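Inspection log for the structure reproduced underneath, given as structure tokens.
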Amino acid sequence: MIHVTKTFLPNKEKYQSYVDKIFEAGWITNNGPMVKELEKRLATFLGVKNIVLVSNGTVALEIAYRTLELKGFVITTPFSFVATTSSLVTNGLLPIFCDINSKTLNMDYKKIETLITPNTSAILPVHVFGNACDVEEIQEIANKHNLKVIYDAAHAFGVTYKDKNVLNYGDISTLSFHATKLFHTIEGGALIINDDELVQKARFLINFGIDGVESVKELGTNAKMNEFQAAMGLAVLDEIEAVQNKRKEDFEYYEKYLKNLVDFQLLNVNSKHNYSYCPILLENERKVLEIKEALAKSNIFPRRYFYPSLDTLPYIEPKQYCEISRDISTRILCLPMSYELLQSEQDTIISIIKECLK
Ligand SMILES: *Cc1c(COP(=O)(O)O)cnc(C)c1O
């Protein structure tokens, strides 16, 4: 069976050697040496000043909202994984959906300003499939209206914008290190925070707001990454270049054989991409379902990322309507890519798609 992705498992002996160190130290959670080492290595690898590791990408978003003390309305994209929106709602914030650009699939920054009201506290764009947002334009709008900017950068591991890591933009960027992501820690996530004081605040928030042995400074939660997660991260990081290169090869192979038949996402020209996903856009939903069914017969399972459009979620009130996101979500399909995917398997996928498009 071939799925949209397959978790990268690092060299087992390497992982074991990190686990041995955990046993020697006898320290398995609460900001231990593995977490500290991973934070240091990731900051260097990504080229960011501050990184705070947490237990997953959803909680990273929630900690970001609480660190910045968001209130009221947050302008976000309807074309993302459900956690981008649900994390707002569970924190008492109302998502205001800004429709996307039909080519880049990212929030259309030209539509942001019309959605701003006195109740708006922040903008929450997503670098969808690792495609860098219009970060400079978005920052300009935020500055003009005194809004915070949080990037859900769950797909943007290793993406640069104008030779700087894209995670450096906005007040906070969040990452997901879930097993299905390009870089993973089994479950895990991180916050990239520019302001040093806010880093301290986030560190309190992820550890119950505790400020010393017998002192609680603020209302916090438990969002700590444990040592075994960090050990997995270190082992994956040891091999990340090979993982990244393989993704690029897979992506370029699909592109080479399908680019005249289907549309690909328009990538930001100022950005170095990470090829974390390979979405293709088809003429209509009927074609998507036809291709999905044909591939399923060969035990191949791409995914309809992202379907449904988040402005259709039943728990969002008042109802909102984003025409472009709804259209795109019905006719997009993400093709399988993984470290283990064979070129012969890609050939099969390509030929089945071609057959359906005849
Ligand atoms: C994966 C993902 C998340 C959630 O991350 P978890 O680590 O699974 O909690 C949030 N936003 C986007 C865009 C994602 O793809």
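The values are calculated or read from the model by the stated rules, or taken from the named source; none is laboratory data. In this text, all values refer to a predicted model and were calculated from it rather than measured experimentally. Neighbour counts are summed over all protein chains in view; Cβ atoms, including those assigned to glycine, are modelled from backbone coordinates with ideal geometry. Calculation scope for accessible area: heavy atoms of the full protein, side chains included, ligands and nucleic acids excluded. Shrake-Rupley method; radii C 1.70, N 1.55, O 1.52, S 1.80 Å.
With the simple model of a label 7 Å out from the Cα in the direction of the Cβ, Asp263 to Ala296 spans 2.6 nm. Quick one: how many Å² of His178 are accessible to a 1.4 Å probe, rounded to 10? The value for His178 is about 60 Å².
By how many nm would the segment from Asn91 to Lys272 grow when fully extended, if each residue of separation counts as 0.36 nm and the alpha-carbon distance is taken off?
Extending this stretch completely gives an extra 61.8 nm.
Using the average count of surrounding beta-carbon atoms within 10 Å as a protection proxy, the listed peptides 50-56, 269-275, 20-26, 216-222 rank, highest first, as 50-56, 269-275, 216-222, 20-26. Ligands, DNA and RNA left out, the 1.4 Å accessible surface of the stretch 1-153 is 54% carbon and sulfur atoms. Backbone geometry of the stretch 102-112 corresponds, through the Karplus equation with coefficients 6.51, -1.76 and 1.60 at θ = phi - 60°, to 3J(HN,Hα) couplings of 5, 9, 7, 6, 8, 3, 7, 4, 5, 9, 5 Hz, x marking Gly and Pro. Counting only protein heavy atoms, what percent of the accessible surface of the stretch 287-338 is carbon or sulfur at a 1.4 Å probe? C and S atoms contribute 53 percent here. In order along the stretch 345-353, the Karplus-derived 3J(HN,Hα) couplings, from 6.51 cos²θ - 1.76 cosθ + 1.60 at θ = phi - 60°, round to 5, 4, 4, 4, 4, 4, 6, 5, 4 Hz, and Gly and Pro are given as x. Within the straight-line cut-off of under 25 Å between alpha carbons, the lysines reachable from Lys40 are Lys12, Lys14, Lys21, Lys49, Lys162, Lys164, Lys181, Lys201, Lys224, Lys272, sequence neighbours fewer than 8 places apart in one chain being disregarded. In vacuo Debye scattering of the stretch 76-185, one point per C-alpha: log10 I(q)/I(0) at q = 0.12, 0.24 Å⁻¹? The computed values of log10 I(q)/I(0) come out as -0.38, -1.55.
Helix-only estimate, please: 222 nm mean residue ellipticity of the chain, summing -39500 (n - 2.57) across DSSP H runs of length 4 or more and dividing by its residues, to the nearest 500.
That comes out to -12000 deg cm²/dmol.
For the peptides 60-67, 96-103, 162-169, 284-291, the ranking by packing is 60-67, 96-103, 162-169, 284-291, with the highest mean count of neighbouring Cβ atoms within 10 Å listed first. Only Cα pairs under 8 Å and 6+ residues apart enter the sum, and on that basis the relative contact order of the chain stands at 23 percent.
For the stretch 131-213, what relative contact order do you get, as a whole percent, if you take Cα pairs closer than 8 Å and at least 6 residues apart?
The value is 21 percent.
Rg and Dmax of the stretch 8-147, both derived from C-alpha coordinates alone, stand at 18.8, 57 Å.
For the stretch 228-331, a Kirkwood radius taken over Cα pairs fed into Stokes-Einstein (25 °C, viscosity 0.890 mPa s) yields D = 147 µm²/s.
For the chain, the solvent-accessible area works out to 45 Å² per residue, with a probe of 1.4 Å and every protein chain left in place. Computed from backbone phi with θ = phi - 60° and the Karplus coefficients 6.51, -1.76 and 1.60, the 3J(HN,Hα) list for the stretch 155-164 is 9, 9, 4, x, 7, 10, 10, 6, 6, 10 Hz; x is used for glycine and proline. Highest mean packing first, where packing is the average number of other Cβ atoms within 10 Å per residue, the peptides 315-326, 194-205 line up as 194-205, 315-326. What would the Debye formula give as log10 I(q)/I(0) at q = 0.09, 0.13 Å⁻¹ for the alpha-carbon point model of the chain, no solvent? For the chain at q = 0.09, 0.13 Å⁻¹, log10 I(q)/I(0) is -0.50, -1.04.
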